[in-house]
1. For Ala45, work out the one condition from (1) exposed (fewer than 14 other Cβ atoms within 10 Å of the Cβ); (2) closer than 26 Å to Leu242 by Cβ; (3) of a type outside the set (Ser, Thr, Tyr); (4) modelled with pLDDT under 90 it doesn't fulfil.
2. Please enumerate the residues belonging to the range 1-32 that are part of a loop (DSSP other than H, G, I, E, B) and not β-branched (Val, Ile, Thr).
3. Go through the residues of the range 174-196 one by one and say whether even a single one is within 30 Å of Glu279 (Cα to Cα), at pLDDT 85 or above and in a strand (DSSP E or B).
4. Tell me the residue from Gly317, Gly285 that is without any contact (Cβ under 8 Å) to a residue 40 or more places away in the chain and among the small types (Gly, Ala, Ser), please.
5. Output the number of residues of the range 84-114 satisfying the condition of being within 21 Å of Gly217 (Cα to Cα) and of a type in the set (Gly, Ala, Ser).
6. If I filter the range 359-374 for residues that are of a type in the set (Asp, Glu) and either within 26 Å of Ala16 (Cα to Cα) or free of Cβ contacts under 8 Å to residues at least 12 places away in the same chain (or both), do I get at least one hit?
7. Residues in the range 197-215 that are over 19 Å from Met127 (Cβ atoms) and either at pLDDT 90 or above or surrounded by 17 or more Cβ atoms within 10 Å (Cβ to Cβ) (or both): how many?
Amino acid sequence: MRPWVRSAAWSAAIAALLAVVVVVSAAIGPVRIPPETVVKSVLNALAVPAGIETTGGVGPLSVPGVGPLTLPGLDLAFASPFAFPVDAVHQQIVVGVRLPRILLAALVGFALAAAGTVMQGFFRNPMADPSIIGVSSGAAVGAVAFIVFPVALSTTVALPVVGPVEVALSRGAGTSLFAFVGALAAAFGVYAIATRGGRTPVATLLLAGVAVQTFLGAVVSYLQLQAGESLRQIVAWLMGHLSGAAWSEVAITAVVVPPLFAVLLAYARDLNVLLLGEEEARGLGIAVERTKRVLLAASALVTAAGVAFAGVIGFVGLIVPHMLRLVVGPDHRVLLPTAALFGGTFLVAADTVARSAAAEYPVGIITAAVGAPFFVYLLVTREVSEL
């Protein structure tokens, strides 16, 4: 069977599993909701464009030579094609509370598993995961620094026609922004340290990543000593969290992650060739240095997008690629999409367990509790070269 046919078949199967897990997860909580009600609530929330409506308009605006002028405003009108009879409370719980958290978990797990798959192939190392290039440590420094030393993120922007508009970010949005910037700064810092004369040796990149992670870990420890009353919030962020997820966070993550994943998937064949070694890849016509730059940049960005809102969640990018490699094989044209989809499924399931406990746990505790024993099992039952 051709690789892309196998990839489509496995991806469809795992996507169906993900859909089932999402429905079951949305049904579980302090208020139990039947799965069929969950499906009806989601369908009721779907909306399609139904026409254009005229609003009150913008203005009055002072136009030289014309005088006060009010411009008509146009808005798209949306309507739902479904109208299932669902209790309003259940509808609000599913769509307003649980679904944003579940979809954010799916996107974050998708991103981390995709980046972990690429990093293990890139470094030809079964212990590699997205944090190996400093992304997680950089995000931790950015987020913790903002929590300890918050700054006002507001400014006034002058827009044509509309005029001055006040733009401000909340504390949570500021933490996510600083985490994203810190993640990218660390990743590209590691790349700059390891690159000499336009070439980036994999061994040097790995060692640079270890050195930067160690240094940033020390910075995080120092910031924790300065945290005072913010220490609890810092610990919760460092353990990974998905509580309080909003649709705006889901939308931002959904805009960033799929295009970057498409870039990684486009280089899946090149990644297969890189497994043979850089010299062999050059002999087969692969632009090795350009491929490495693209894979590193896309992996760093997709990981940063994941950890910015969810904090540091371990083991997803390490364990999930191993699990799927045992099932679908090492061909990245099949492994990459299936591992990414299963990463989303795994994190949704882990977060469901985390929020179903008597006292809600950070999701990172659940992923570590599941991932570490599984990884030990792999080490005991298989040779390292087989992983």
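1. (1)
2. Met1, Arg2, Gly29, Pro30, Arg32
3. yes
4. On the way: Gly317 fails: without any contact (Cβ under 8 Å) to a residue 40 or more places away in the chain.
Answer to the selection: Gly285.
5. Count: 0.
6. So the first thing to find is which residues in the range 359-374 are of a type in the set (Asp, Glu), and the list is 360.
Next cut, either within 26 Å of Ala16 (Cα to Cα) or free of Cβ contacts under 8 Å to residues at least 12 places away in the same chain (or both) only: none.
Within the range 359-374, none of the residues are of a type in the set (Asp, Glu) and either within 26 Å of Ala16 (Cα to Cα) or free of Cβ contacts under 8 Å to residues at least 12 places away in the same chain (or both).
7. 2
The values are calculated or read from the model by the stated rules, or taken from the named source; none is laboratory data. A quick note: this is a predicted structure, and the numbers were derived from the prediction, not measured. Methodologically, a virtual Cβ is constructed for each residue, glycine included, from the backbone with ideal geometry; neighbour enumeration extends over all protein chains shown.
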